[in-house]
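Reviewing the structure listed below.
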């Protein structure tokens, strides 16, 4: 029964405006080769910087500066900003859903009525 309710909740979330907006925004990014390339370069730079610091070395200033410039360029991109806004709205929805689930758990834990069937 719980698995069925979870699937139903997932289906409803998948049909929500917030999830739809997030998917559309992500699809637009996937159709933007220049932004995708910048994101991939940023991931590569981040990995390189992380490895360098994990090895106990200071990352080269040129790499740090390149990372900062690339991050600034990505953050200024309107498509990226759309994804961030959509992600924030979806996250707010999920926080509300989690709050409602926790409320239900608290109420269920104190209820003497058995509803599982």
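The values are calculated or read from the model by the stated rules, or taken from the named source; none is laboratory data. Since we're looking at a predicted model, the values are computed, not measured. Here the Cβ is made from the backbone with ideal geometry for all residues, glycine too, and neighbour counts use every protein chain on show.
Going by the conditions given, is residue 82 within 17 Å of the chain's Cα centre (by Cα), in a helix (DSSP H, G or I) and either loosely packed, with under 11 Cβ neighbours inside 10 Å or modelled with pLDDT of 95 or more (or both)?
Numbers: within 17 Å of the chain's Cα centre (by Cα): yes; in a helix (DSSP H, G or I): yes; either loosely packed, with under 11 Cβ neighbours inside 10 Å or modelled with pLDDT of 95 or more (or both): yes.
Considered against the rule, which asks whether it is within 17 Å of the chain's Cα centre (by Cα), in a helix (DSSP H, G or I) and either loosely packed, with under 11 Cβ neighbours inside 10 Å or modelled with pLDDT of 95 or more (or both), residue 82 comes out as yes.
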Task: From 105, 101, 114, residue being over 22 Å from residue 23 (Cα atoms), part of a helix (DSSP H, G or I) and modelled with pLDDT under 95 - done: 105
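Yes or no, residue by residue, for (1) surrounded by 10 or more Cβ atoms within 10 Å (Cβ to Cβ); (2) within 16 Å of the chain's Cα centre (by Cα); (3) over 19 Å from residue 71 (Cα atoms):
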position	(1), (2), (3)
1	no, no, yes
4	no, no, yes
7	yes, no, yes
21	yes, yes, yes
49	yes, no, no
56	no, no, yes
Task: Residue that is within 21 Å of residue 95 (Cα to Cα), in contact with a helix residue (DSSP H, G or I) (Cβ under 9 Å, 6 or more places away or on another chain) and at pLDDT 95 or above, where the choices are 45, 39, 22, 49 - done: 22
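Here are some residues: 73, 65. Which one is within 30 Å of residue 51 (Cβ to Cβ), in a helix (DSSP H, G or I), modelled with pLDDT of 95 or more and over 24 Å from the mean Cα position of the chain (by Cα)?
Details: 73 fails: over 24 Å from the mean Cα position of the chain (by Cα).
Being within 30 Å of residue 51 (Cβ to Cβ), in a helix (DSSP H, G or I), modelled with pLDDT of 95 or more and over 24 Å from the mean Cα position of the chain (by Cα) holds for just one of 73, 65, which is 65.
If I ask for residues that are exposed (fewer than 15 other Cβ atoms within 10 Å of the Cβ) and outside any helix (DSSP H, G or I), which ones from region 9-19 would you list? Working first, answer last.
Quick first cut of region 9-19, residues exposed (fewer than 15 other Cβ atoms within 10 Å of the Cβ) only: 9-15, 17.
Correct list: 15 only.
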Task: Test set (1) more than 30 Å from residue 96 (Cβ to Cβ); (2) at pLDDT below 95 - residue 30 fails condition number - done: (1)
